[in-house]
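**Student:** Can you keep this structure in mind? I'll have questions shortly.
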Amino acid sequence: ARLDSLGEGYTLEDLLAVLTGKKEHTPRQKPAMQAEPPKVNLLVDIQAKLQAGKGAGYVRWAKVFNLKQMAQTMNYLTEHNLLEYAVLEEKAAAATAHHNELSARIKAAEKRMAEIAVLRTHI
C-alpha cells in the first residue's frame, strides 16, 4: 500500500487501527479559502510594474494603454450622455434594479423547472 502521499493519519498502521476500531478516523480538513471578488481595474499600475522589474519600453506601452483606456471611457460616457454624475448614478441604479429583477425571474424559472422535473419523473 502506497499511502505516504496522503499525509498524516493515513499510514498503514493508522488505517489498520481505524479498521479494527482502536482509533477513530478524523478526515483531514481542507483549508477554506475565501475567494476575493474580482477587482475591475482597466488601467495598468505603472509604478508597481516598475518595481517588479519592467523596463522603459513597458512604461511607454503602459502610458499609451492607459491613455487609450481613458479615451474609450470618455467616448462611451459622451456617446451615452453620462457626463454628469447624477445621470450616471441614476443609470447605474436602474441597471442594478433591472439585473436584480432578471435574477429573481431566473431563480423562479429554475425553481419551476425543478418542480416540473419532479412531476415528469412521477408521470
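**Student:** Only one residue in LYS39, LYS22 is open to solvent by 100 Å² or more (accessible area, probe 1.4 Å), at pLDDT below 70 and not in a helix (DSSP H, G or I). Which one? Can you show your working first?
**Tutor:** Details: LYS22 fails: at pLDDT below 70.
It is LYS39.
**Student:** Next up: Within region 88-120, work out how many residues are modelled with pLDDT under 95 and either open to solvent by 100 Å² or more (accessible area, probe 1.4 Å) or in contact with a Gly (Cβ under 8 Å, 6 or more places away or on another chain) (or both).
**Tutor:** So the count comes out to 4.
The values are calculated or read from the model by the stated rules, or taken from the named source; none is laboratory data. All values reported here derive from a predicted model rather than from experimental measurement. Every residue, glycine among them, receives a Cβ derived from its backbone with ideal geometry; neighbour counts consider all protein chains shown. Protein only, heavy atoms only, side chains kept; ligands, DNA and RNA dropped before computing areas. Shrake-Rupley method; radii C 1.70, N 1.55, O 1.52, S 1.80 Å.
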